[in-house]
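Visitor: The structure that follows is given in the form of structure tokens.
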Amino acid sequence: MKEILRKNLDSVIWNIEQARIKLSEHHIVKLVAVGKYSDEKSIKTLYELGQRAFGENQVQQLSSRKEHLEAFPLEWHMIGNLQSNKINKLIELRPTLFQSLDSLKLAEALNKKLEAKNKKMSVLLQINSANEESKSGVKTQEAIDIYQQIKENCPNLRLKGVMSIGANTEDTKIVKTSFEETHAIYDRLKKDGASICSMGMSGDYELAIKCGSNLVRVGSKIFTNKFN
Ligand SMILES: *Cc1c(COP(=O)(O)O)cnc(C)c1O
């Protein structure tokens, strides 16, 4: 299993290198390995192979993995929908980055609880750039306004940038357009301190990097138990 994970990780890192260098040698891309289809043993193996940042899309899973792998210096990213009844739990977990803050309402609720506990949390605003009913995130037209409102009204949130999931289609042009739209918003938010543009998963991370992503969230391409 370790050899398979090694090959998968090497291949993803190689592809990230190729894509980012095409954009610019100065364009640095962070890889967050998404373990949701996998187990703790594989995460530990990836740690031994040099991977440090991991993402989970459920608070419960994040909690048990973080606890069981406490001995290792890992970064944990929350990348899934947060229900408001899980806010306290997430705060306790102190994630490195909560990437899927998807509404002003959630931002305000989270900020209130952080304030009461005298804590801060680094977050990304999730944008539903493909305008898909099934996806969460703020609308592209409202993203800048909401970002600025959060920045103003939620001092216990450290807004670091934006996150988006590419359009769910085989049509590369449509996926590319959704990434470009997110990146254009990110560009406009740089003056407000945005430094992270999180886009790209197993099927589209190279395309996302070409469109300016500097953080990719890759799960199945790494954790599959066959070579690819
Ligand atoms: C599952 C998930 C990923 C990783 O998906 P893969 O296609 O397996 O790489 C990335 N981002 C989010 C938000 C996810 O839920």
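Visitor: I need the chymotrypsin sites (Phe, Trp or Tyr not before Pro) found in the stretch 37-143, filtered to DSSP loop residues with at most 14 other beta carbons within 10 Å of theirs. Let's see the in-between values first.
Guide: Details: sites: Y37, Y47, F54, W76, F98; in loops: Y37.
Listed in order of number, the matching sites are Y37.
Visitor: OK, next. Just reorder H68, H26, H183, H77 by solvent-accessible area, largest first, 1.4 Å probe, all chains present.
Guide: H26, H68, H183, H77
Visitor: For K151, give me every one of the aspartates and glutamates with a C-alpha distance below 15 angstrom, ignoring sequence neighbours fewer than eight places off in its own chain.
Guide: D102, E108, E115, E142, D192
Visitor: How are the C-alpha pair distances of the chain spread across 5 Å bins, as whole percents from the shortest bin up?
Guide: Calculated P(r), rounded to whole percents: 1, 7, 15, 18, 20, 17, 12, 7, 2, 0.
Visitor: Of the candidates G161, G80, G50, which one comes out as most mobile in a Gaussian network treatment of the chain with C-alpha springs shorter than 10 Å?
Guide: The residue with the greatest mean-square fluctuation here is G50.
Visitor: Translational diffusion coefficient of the stretch 114-156 at 37 °C, 0.692 mPa s, Stokes-Einstein with Kirkwood Rh over Cα pairs, in µm²/s as a whole number.
Guide: Details: Rh = 11.7 Å.
In µm²/s, the coefficient rounds to 280.
Visitor: Please name whichever of A71, A184, A33 sits farthest to the positive end of the charge dipole of the stretch 2-223, dipole taken about the Cα centre and charges placed at Cβ: Lys and Arg +1, Asp and Glu -1.
Guide: A71
Visitor: Would you mind getting the accessible area per residue of the chain, heavy atoms of the protein chains only, 1.4 Å probe, in Å²?
Guide: I get 50 Å² per residue for this part.
Visitor: Just in the stretch 55-118: which GluC sites (Glu not before Pro) are loop by DSSP and have at most 10 other Cβ atoms within 10 Å?
Guide: Values: sites: E56, E67, E70, E75, E92, E108, E115; in loops: E70.
Listed in order of number, the matching sites are E70.
Visitor: Still on this structure, I have one more. For the stretch 34-120, compute Rg over Rh where Rg is the Cα radius of gyration and Rh is the Kirkwood radius from the inverse mean 1/r over Cα pairs.
Guide: The Rg/Rh ratio comes out at 0.99.
Visitor: Could you work out what % of the accessible surface of the chain is carbon and sulfur, using a 1.4 angstrom probe and leaving DNA, RNA and ligands out of the count? Let's see the in-between values first.
Guide: Values: 5240 of 11480 Å².
Percent of accessible area from carbon and sulfur atoms in the chain: 46.
Visitor: Using the structure shown, select from K30/K89; K44/K135; K112/K190; K139/K221; K30/K210 the pairs with a Cα to Cα distance greater than 19 angstrom. Don't skip to the answer; put the middle values down first.
Guide: Details: K30/K89 26 Å; K44/K135 31 Å; K112/K190 25 Å; K139/K221 29 Å; K30/K210 14 Å.
Where the Cα-Cα span goes over 19 Å, the pairs concerned are K30/K89; K44/K135; K112/K190; K139/K221.
Visitor: For E170 and Q149, calculate 0.36 nm times their separation in residues minus their Cα-Cα distance, and state this gained length in nm to one decimal.
Guide: Stretched out fully, the E170 to Q149 stretch lengthens by 4.1 nm.
Visitor: Can you list the chymotrypsin sites (Phe, Trp or Tyr not before Pro) in the stretch 162-228 that are in a DSSP coil and have 14 or fewer other beta carbons within 10 angstrom?
Guide: Answer in residue order: F227.
The values are calculated or read from the model by the stated rules, or taken from the named source; none is laboratory data. Nothing here was measured: the structure is a model prediction, and the numbers come from that model. Here the Cβ is made from the backbone with ideal geometry for all residues, glycine too, and neighbour counts use every protein chain on show. What goes into the accessible areas is simple: the full protein's heavy atoms, side chains included, and nothing from ligands, DNA or RNA. Shrake-Rupley method; radii C 1.70, N 1.55, O 1.52, S 1.80 Å.
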